[in-house]
Amino acid sequence: MKYYSTNGKAPLADLEKAVVKGLAEDRGLYMPENIYKLPQAFFDDIQDMSFQDIAYNVAANFFGDDVDPDGLQDIVYDTLSFDCPIVKVEDNIYTLELFHGPTLAFKDVGARFMARLLQYFINRSSEAHKTVNVLVATSGDTGSAVANGFLGVEGIHVYVLYPKGKVSPIQECQFTTLGKNITAIEVDGVFDDCQALVKSAFMDEELNKHMKLTSANSINVARFLPQAFYYFNAYARIKKLGLADNLVMCVPSGNFGNICAALFGHEMGLPIKRFIAANNANDIFYNYLQTGKYEPKASIQTLANAMDVGDPSNFARIYNLYGQSHERISSLISGATYNDEQIRETMRKCYSETGYILDPHGACGYRALKEGLHLGEVGIFCETAHPAKFKEKVDDILGIDIEIPERLAAFMKGKKQSVPMSKDFSDFKQYLLKQ
Ligand SMILES: *Cc1c(COP(=O)(O)O)cnc(C)c1O
């Protein structure tokens, strides 16, 4: 498969180049030239297949030209060592719990998949061994998922850039305590500053001569695409219940990588009727749907901090996927935006009416689905984070004392280590040049 750039000014790349480079030369995002439909027989039997087998079929459809079947099966099976159940919250509303991975983040799948795929390419390459440096900007969850997905993978070093004081204490522990091939960089700024530093680093000629750089943000095809596995699996489980005919999928969104993967799934034939992109107060995509104008803004800090994005990078992919047609995009996807007070209110209401504990991100999804679902439709919203990850907030809002899962608590025991950094690119560049 060849990959082209959304900016249309870079040469075509093969998968290896797209994964190793992350961003195309013209700063565009890589898109596959073709998205093949999966055969009808696959959808006929999907309800009886395992998560791993469903995922392998989806992966083969995308990566089958570039990775041999045994290698790909290995990567997929290693990535999906956990379940992702759908849970009924109330009549016609289900949640897809995406937080059962190693760091309890849905990003675990893309992170691990990408780490294993990069390793596959490094091992296959006849070139002299040169360390691949992964740069990743995070507002919390990406950093922990990527750091843990790449931990101990030979030939790869990871730099996690995060905004000082703006990630939850548990999240911070998940990428600052690991050591080995993981370095945490604490940036005096907001998430958008971290993202800008990473983007500038990729564009810097001197730096790229000095070291091999790639990105593990959802701009990387190997990071965002595997998230499509979740949606095929959710479809299979809801089909098993006989409820798949008028299915609406609602995705709490920040950089729009997760929903973009769902949309790629849809292009592969996944029978989802329509989508809802749920946002917090960062309403750039919502406004685009209403006006047809895409106007990035500085991000606003909210309770759902993993969605505090003022210029969602995967918008370019979605725009491109539908031929830049606002009409096509807005007829398939609707939007919603909620401020912090509405998020609190939704968490309380859902807890008292159904007993289900939402985290602030999932709360946006639940509310958007509840307000947006039409008669005769069944909806699934993604619960993108385990509520214990935002324990202080959730406890405070719901007046409960939520238990921290053992797997999360284990991270809290390590010692925090990070490199302080200003938001000026020249400082970051000097630092990298010394590595
Ligand atoms: C990353 C993240 C999101 C947003 O996902 P995108 O792919 O960036 O749209 C939502 N919720 C949580 C908890 C996240 O970690």
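The values are calculated or read from the model by the stated rules, or taken from the named source; none is laboratory data. Quick caveat: nothing in here was measured; it's all calculated off a predicted structure. For neighbour counting, all protein chains shown are included, and Cβ atoms are generated from backbone atoms with ideal geometry for every residue, glycine included. These area figures cover heavy atoms from the full protein model, side chains too; ligands, DNA and RNA do not enter into them. Shrake-Rupley method; radii C 1.70, N 1.55, O 1.52, S 1.80 Å.
Laid out as a table, the results:
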{"quantity": "Sequence-separation-based contact order of the chain, relative, with Cα cut under 8 Å and 6+ spacing, percent", "calculated": "19 percent"}
{"quantity": "Quotient of C-alpha Rg and 2.2 N^0.38 Å, computed over region 166-233", "calculated": "1.36"}
{"quantity": "Average accessible area per residue (Å²) across the chain - probe 1.4 Å, nucleic acids and ligands excluded", "calculated": "38 Å²"}
{"quantity": "Most to least accessible of Asp340, Asp427 (protein chains only, probe 1.4 Å)", "calculated": "Asp427, Asp340"}
{"quantity": "Helical contribution to [θ] at 222 nm, DSSP H n ≥ 4, -39,500 (n - 2.57), averaged over the chain, rounded to 500", "calculated": "-13000 deg cm²/dmol"}
{"quantity": "Longest site-free stretch - the chain; sites: GluC sites (Glu not before Pro), DSSP loop, at most 12 other Cβ within 10 Å", "calculated": "155-402"}
{"quantity": "Kirkwood Rh in Å, taken over region 46-100 so that all alpha-carbon pairs contribute", "calculated": "12.7 Å"}
{"quantity": "Heavy-atom accessible area ranking, 1.4 Å probe, most first, across His361, His386, His100, His374", "calculated": "His374, His100, His386, His361"}
{"quantity": "Rough spin-label spacing in nm, given labels placed 7 Å along Cα→Cβ, for Ser422 and Leu332", "calculated": "4.5 nm"}
{"quantity": "Three-way shape call for the chain based on the alpha-carbon gyration tensor, with the a/c threshold at 1.5", "calculated": "rounded"}
{"quantity": "Gain on full stretching of the segment that runs from Asp70 to Leu12 - 0.36 nm per residue minus C-alpha separation", "calculated": "18.2 nm"}
{"quantity": "Other-chain or far-sequence residues with amide H under 5 Å of Leu213's (modelled H)", "calculated": "Asn133"}
{"quantity": "Along each principal axis, Cα extent of region 211-343, largest first, Å", "calculated": "44, 43, 31"}
{"quantity": "Amide H within-cut-off set for Val89, under 5 Å, with H built and near neighbours excluded", "calculated": "Tyr94, Thr95"}
{"quantity": "From phi via Karplus (6.51, -1.76, 1.60), per-residue ³J(HN,Hα) for region 331-337 in Hz, x at Gly/Pro", "calculated": "8, 9, 10, 10, x, 7, 9"}
{"quantity": "Cα pair distances in region 311-406, grouped into 10 Å bins until the bin that holds the longest one, percent each", "calculated": "14, 38, 29, 16, 3"}
{"quantity": "Cut-off under 5 Å, modelled amide H: who pairs with Ala336 long-range", "calculated": "Ala277, Asn279"}
{"quantity": "With 5 Å bins from 0: P(r) over region 319-369, alpha-carbon pairs, percent", "calculated": "4, 20, 23, 12, 10, 12, 10, 7, 1"}
{"quantity": "The chain - share of DSSP beta bridges that are antiparallel (%, nearest 5)", "calculated": "20 percent"}
{"quantity": "3J(HN,Hα) from dihedral phi, region 394-409, Karplus parametrisation 6.51/-1.76/1.60, rounded to Hz, x for glycine, proline", "calculated": "5, 4, 5, 6, 9, x, 10, 10, 6, 6, 8, x, 3, 4, 6, 4"}
{"quantity": "Charge dipole (the chain, unit charges on Cβ, about Cα centre) - positive-most of Gly28, Tyr338, Ala278", "calculated": "Gly28"}
{"quantity": "Sum of side-chain charges, Asn233 neighbourhood, beta-carbon under 15 Å (Lys, Arg +1; Asp, Glu -1)", "calculated": "-4"}
{"quantity": "Share of carbon and sulfur in the accessible heavy-atom surface of the chain [1.4 Å probe, %]", "calculated": "47 percent"}
